[in-house]
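Q: Have a look at this one.
Read-outs: derived from the displayed coordinates by stated rules, not from any lab. On a predicted model such as this, the values are computed, not experimentally measured, just so you know. Here the Cβ positions follow ideal geometry from the backbone for every residue, glycine too, while neighbour counts run over all protein chains shown.
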């Protein structure tokens, strides 16, 4: 079961998430190249000082600055919804 969408910069460390929306424009293109797309399951590995969020997508770790993280909407998911890695 999904929860209401929240900005990525507000998630808890260790959370399992699904991406609900990504920004338009140049940022969108860069995120798509990294595989950060709508519907993708991710995990919040770390929240660094200054607001940077480190996410894990499959075996890839991606650091996302707070400005960009504010524009990415995610929802918490139950462990049962996430595909097995």
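Q: Stretch residue 10-residue 70 to full length: gain in nm at 0.36 nm per residue minus the Cα-Cα span?
A: 20.8 nm
Q: What is the distance in Å between the Cα centroid of region 31-62 and that of region 10-30?
A: 7
Q: Can you give the percent of C-alpha pairs in region 1-74 whose distance is more than 21 Å? Write down the numbers at each step before the final one.
A: Values: 361 of 2701 pairs.
Percentage above 21 Å: 13.
Q: Taking the number of other C-beta atoms within 10 Å as the exposure measure, put 57, 38, 13 in order starting with the fewest. Let's see the in-between values first.
A: Values: 57 17, 38 14, 13 11.
Lowest count first: 13, 38, 57.
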